[in-house]
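Notes to accompany the following structure.
Here, each number is a calculation from the coordinates, and none is a lab measurement. Note that this is a predicted model, so its numbers are computed, not measured. All Cβ positions, glycine included, derive from the backbone under ideal geometry; neighbour counts span all protein chains shown.
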Amino acid sequence: MIGYVTIGVSDMEKAKKFYTDLLGDMGAKLLLDMGRIAFIGESMKSPMLAVCTPFDGTPNHPGNGNMLALQPGSKEAVNTYYQKAIELGATCDGEPGQRIPDQFYGAYVKDLDGNKLAFFHFG
């Protein structure tokens, strides 16, 4: 259903490195680089993350209430990806932990441009 999600960035090279380094263990790689927009994912037939500089030429800014949620497969993996994001320069926006007892475990970071990411596991 979802083809790709786009995140506005200020520095394409830094954003491509951040997301390919962060998501590489999930099988993601740079699939297509068109200059102001680049697609990262497992394949062009799977959901992708696109990083781009805004089309209108104005500075990017993270949306209030917008968030990209990634499901790495386990609570341990949530912890691992949270820590990896922090090591790559992201800032904490909610340390890993159980949010809803026995239902939702999550961690939250903001990327290099302030875009909010969640790593989560149900169960």
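Annotations
- With K and R counted +1 and D and E -1, the other residues having a Cβ less than 10 Å from that of residue 68 yield a net charge of 0.
- Region 66-123: proportion of alpha-carbon pairs further apart than 12 angstrom, %: 59
- Taking Cα atoms only, the orientation of helix 75-87 departs from the longest principal axis of the chain by about 40 degrees.
- Space enclosed by the convex hull of the alpha-carbon atoms of region 14-108, per residue, Å³: 122
- The count of lysine pairs in region 1-120 that are at least 8 places apart or cross chains, and whose C-alpha atoms lie under 14 Å apart, stands at 5.
- Residues residue 34 and residue 74, FRET efficiency given R0 of 22 Å [Cβ-Cβ distance, rounded to 0.05]: 0.05
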